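Read through the structure below, which is laid out as structure tokens, and then see the notes.
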Amino acid sequence: MELLDKQVLALKPPTQPPNGEVREHQRQLLTAAIESELLDSHSGTGRRPSRRRGRRVSVAATVAAAIALAGGAAAAAVVYLQPQPVTNHDIARCYSVDSTAGGFHGSDIATAGTPGSPAQIQDAVQVCALLWRDGFLVPGAPHALHLPGGPLTQHAVPPLTACRLPGGIAGVFPGTASTCQRLGLPPAQTNQP
Amino acid sequence: MPITDLELVTASWDDPERFAGLFDRHFDSVYAYCARRIGMGCADDVAGETFRIAFERRRRYDASRLDARPWLLGIAHNIVRNHLRSEGRRSAAHLRLAAEPCDSAEPGSEAAAALDAQRDLALVAETLRSAPLQEVDALLLHVWEGLSYSEVAATLDVPVGTVSSRINRLRRRLRELTDSVEDPPHRRPHDVTR
């Protein structure tokens, strides 16, 4: 290495490696993007995921971010009767309609908790209910909105039910226990760690 | 035998979760690059964004490259550049550098020699900060990040010849500057006695 390069190298600012929390937090965000694409690809709509930035929604302390997505969910011919456990608690989908046809209508919720801690959406129904209550979800809306009324305004929360989406993710629909069967999805057990 | 980055990326086309392996391999390196260029305060967000963009673009990965680091640094470089532009830093004038020249030393001492070295560094720093940013980017990717000319070219998405020209021009500026201060007044003992 010639002298000039050595001098330039001597001017290289020292850096510390990222700490474990920073690395884990960014890894979780990447994982959420990967999982969203898995959901989108499973929809069979052929839509490619778009850049998912900038439409984040804060809901109390439970949800750090809700990212509106394009895409769809499952349409299967199988009828599921038995609840199946949700195995992926890093992300969940809150639907604004009781249908998976015509693409995904609603909002994804992800990244609860502090950076570096495993994001856990322990009870997707409860978290989605917060989105409805605070006006971020309205029936049929393609993605999360923010209805006027201020933080103290509480909006109507419809009956909600959780189905298990492909990838072990919870999908929460407005509807009743029969909604999952109608959609060809197994009911979800969402309250497991 | 460990699989290559290329194999990881292509495997992630059908099995997206494989892409996380690329994060595990290269996040620290991308983070360090971002930290050097924009500071540690926002290096994590920029490095994370780099991998999310890379994931979305993975099907466009150049299959001739076994090592994904230049590709990732190229994405990071563009985010960094936009970040700096958004802060009005469109030139190398605000380049982050390590060394600051010290103020005083006894003449003839080891400290004085060190002072001379520091002053050389200060001149190099000054030249880097006044040089065209494209030249600085190319040289720093080569010297700081240890990339070959070919890898710098892949990172900056320009021909190798362009990289070579940019680096040579900047080296020439640096050489001219250091040659012009072979015996500067500040190196004479009676001037170094503050």
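The values are calculated or read from the model by the stated rules, or taken from the named source; none is laboratory data. Computed from a predicted structure; not experimentally measured. All Cβ positions, glycine included, derive from the backbone under ideal geometry; neighbour counts span all protein chains shown. These accessible areas exclude ligands, DNA and RNA; they are computed on the full protein's heavy atoms, side chains included. Shrake-Rupley method; radii C 1.70, N 1.55, O 1.52, S 1.80 Å.
Spin-label model, residue A:138 to residue B:13: label points 7 Å out along the Cα-to-beta-carbon direction sit 4.3 nm apart. Calculate, for residue B:126 and residue A:126, the FRET efficiency according to 1/(1 + (r/R0)^6) with r their C-beta to C-beta distance and R0 45 Å; round to the nearest 0.05. Using R0 = 45 Å, I get an efficiency of 0.15.
For the pair A and B, the buried accessible area comes to roughly 3400 Å² in total, with a 1.4 Å probe and the value rounded to the nearest 100. Length gained on full extension, residue B:150 to residue B:172: 5.9 nm, using 0.36 nm per residue less the C-alpha separation. Per-residue packing, averaged as other Cβ atoms within 10 Å, sorts the ranges B:45-57, A:176-188, B:83-95 into the order B:45-57, A:176-188, B:83-95, beginning with the highest. Remark: mean inter-chain Cβ contacts per residue of B:39-51 equal 4, using a 10 Å Cβ-Cβ cutoff to other protein chain atoms.
The residues of the range B:117-150 occluded by other protein chains by 40 Å² or more of accessible area, set against the chain on its own, are B:121, B:124, B:143, B:144; surface from heavy atoms, 1.4 Å probe. The solvent-accessible area of residue B:136, taken with every protein chain present and a 1.4 Å probe, is close to 0 Å².
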